[in-house]
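Working notes, structure below.
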Amino acid sequence: MGVYTFFMSWDDFLFSLILTTRDEVRTLPVGIAVSFLGEFEYDWAGMMTVSVISSLPILILFIFLNRYMVDGLTQGAIKG
């Protein structure tokens, strides 16, 4: 499953990279790659800063909704 997920996300990256031409419509991974990866030099600090800041809303949502997600998973696993 992990290999399949990796290939699907890589295809989504290439699809977005090839078909988007404006910065306003790019997805976040493609925007990070276009902005911080150069031909001869990479801005690793800037790329990691943007990556961490962009993952914070998802992490905060997970922290607050974790109880409901676990409850939903256990309710779906119990035969009733």
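Where a number appears in this text, it was derived from the coordinates with a stated rule and is not lab data. Keep in mind it's a predicted model, so treat the numbers as computed, not measured. Cβ placement follows ideal geometry from the backbone for every residue including glycine, while neighbour counts extend to all protein chains displayed.
So, restricting to helices (runs of 4 or more DSSP H) that lie completely within the chain, which ones have at least 1 residues that are exposed (fewer than 10 other Cβ atoms within 10 Å of the Cβ)? Break it down into steps so the answer makes sense when it comes.
Working: elements: 2-19, 28-36, 44-77.
The helices (runs of 4 or more DSSP H) meeting that bar are 2-19, 44-77.
Collect the residues in the stretch 6-49 that are of a type in the set (Phe, Trp, Tyr) and more than 13 Å from the chain's Cα centre (by Cα), keeping them in residue-number order.
At the first step, the residues of the stretch 6-49 found to be of a type in the set (Phe, Trp, Tyr) are 6-7, 10, 13, 15, 36, 40, 42, 44.
Scanning the stretch 6-49 gives Phe7, Phe15, Phe36, Phe40, Tyr42, Trp44.
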